[in-house]
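Peer 1: Sharing a structure with you now.
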Amino acid sequence: MKVVSFFLVTLCFFISDINAQISDKYQTYNVNRAVEELNNGNEASAKEYLDKELNENPKNHYARIWMGAINSSEGYQGKGLSLIEDAIKDIPKKEKELMSFAYYTKAYIYENIDEKEKAIDAYTRSIKYTPDDVDLYNKRGNLYYLMSEYDLSDKDFKKAIELKPEYIYGYMGLGRNEISRERYNEAIELFDYVEKLASDYSSVYSFRAECNYKL
């Protein structure tokens, strides 16, 4: 259940940044209430709102994506992915933010079932539609890290920093990659810079302590 909740909470967090850019025709009362219910941890209630919306408006792709996410979080991965694929087929190409969210959701589902290559492909397609979204590069960079593809991971974290110079997670990602390469001094330099940007970010101290211990 903890994994399920984290999955949906992460999606809610992501959509908060692009919500205002998604067409109003998809942001109906029922869908917005469903997202509110998910934020409050009420998955069953959220499904009721989405069911009502899809019965009234079966072409609400936003609702279908959320329904796919909930089905996947409940363990019905095939059904969840099918709903999202159906939405992707029908979303007009001009609806770039909605298309990006669909592929982001698909990528996150693939991550949860350990289909890393398919997740990478979905993140890449999501980035195609919203190339200035820092979070997407961070997500793909973290996945490349888990795959030990450190050069590709570096590229994504550097792109995130290029888009948002104060983005501490980009520097943390680069530092973590340097730890994996056993280049501890280089990692420490990155963590020192993160401390300057956000001295209250506790993880930087534990990562830097690890580097000093290794040295």
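The values are calculated or read from the model by the stated rules, or taken from the named source; none is laboratory data. It should be emphasised that the depicted structure is a prediction, and the values quoted were computed from it without experimental measurement. Note: ideal-geometry Cβ built from the backbone for every residue, glycine included; neighbour counts use all protein chains shown. What goes into the accessible areas is simple: the full protein's heavy atoms, side chains included, and nothing from ligands, DNA or RNA. Shrake-Rupley method; radii C 1.70, N 1.55, O 1.52, S 1.80 Å.
Peer 1: Of K47/K118; K106/K214; K116/K159; K79/K159, which pairs sit farther than 29 Å apart, going by alpha carbon to alpha carbon?
Peer 2: Distance filter (> 29 Å) returns K106/K214; K79/K159.
Peer 1: Charges only on Cβ, +1 for Lys and Arg, -1 for Asp and Glu: so what's the dipole of region 98-152 about the Cα centre, in debye to the nearest 20?
Peer 2: The calculation lands at about 180 debye.
Peer 1: Taking each pair of distinct Cα atoms in region 76-162 once, what is the resulting Kirkwood hydrodynamic radius in Å?
Peer 2: Result for region 76-162, one decimal place: 13.1 Å.
Peer 1: At a 1.4 Å probe, what is the % contribution of carbon and sulfur to the accessible area of the chain? Please list the in-between numbers first.
Peer 2: Working: 5270 of 11090 Å².
The computed percentage sits at 47.
Peer 1: Next up: Suppose we keep just the alpha-carbon trace of region 16-164; what are its Rg and Dmax in angstrom?
Peer 2: So, for region 16-164, Rg and Dmax equal 15.5, 48 Å respectively.
Peer 1: Under 16 Å Cα-Cα from K155, which lysines qualify once same-chain neighbours fewer than 8 residues away are excluded?
Peer 2: Cross-link targets: K128, K139, K164.
Peer 1: Something else about it: Just going by the charge dipole of the chain, with Lys and Arg at +1 and Asp and Glu at -1 on Cβ, which of N138, T105, C211 is farthest out on the positive end?
Peer 2: Result: T105, furthest along the dipole toward the positive end.
Peer 1: Cα-based Rg (one decimal) and Dmax (whole number) for region 103-215, in Å?
Peer 2: 14.4, 43
Peer 1: If you don't mind, there's one more thing I want to ask. So for the pair K116, L152, with labels modelled 7 Å out along Cα→Cβ, what separation do we get in nm?
Peer 2: Taking the simple label geometry, K116 and L152 are separated by 0.9 nm.
Peer 1: Let me ask something additional. Would you look at the GNM of the chain, springs on alpha carbons closer than 10 Å, and say which of Y137, Y103, Y184 moves the most?
Peer 2: Most flexible of the set in this elastic network: Y184.
Peer 1: Suppose each label sits 7 Å from its Cα in the direction of the beta carbon; what would the L163-K79 distance come out to in nanometres?
Peer 2: Modelled inter-label distance: 3.3 nm.
Peer 1: While we're looking at this one, here's another question. Give the angle, between 0 and 90 degrees and rounded to the nearest 10, that separates the Cα long axis of helix 61-73 from the longest principal axis of the Cα atoms of the chain.
Peer 2: On a 0 to 90 degree scale, this one is about 60.
Peer 1: What aspartates and glutamates sit close enough to K96 to cross-link, taking a C-alpha to C-alpha distance under 18 Å and skipping anything fewer than 8 places away on the same chain?
Peer 2: Cross-link targets: D17, D24, E85, D86, D121, D132, D133, D135.
Peer 1: May I ask you to derive the relative contact order of the chain, considering only C-alpha pairs under 8 Å and at least 6 residues apart, and to give it as an integer percent?
Peer 2: After rounding, I find 11 percent.
Peer 1: Still on this structure, I have one more. Based on Cβ point charges of +1 for Lys and Arg and -1 for Asp and Glu, what charge dipole magnitude is obtained for the chain about its Cα centre, in debye rounded to the nearest 20? Before the final figure, lay out each step's value.
Peer 2: On the way: 29 positive and 37 negative charges, 82 e Å.
Dipole magnitude for the chain comes out near 400 debye.
Peer 1: Per residue, how much accessible area does the chain show when a 1.4 Å probe rolls over the protein heavy atoms, in square angstrom?
Peer 2: 52
Peer 1: Ranked highest first by the average count of other Cβ atoms within 10 Å around their residues, in what order do 188-197, 87-96, 164-173 fall?
Peer 2: My ranking of the peptides, most packed first, is 164-173, 188-197, 87-96.
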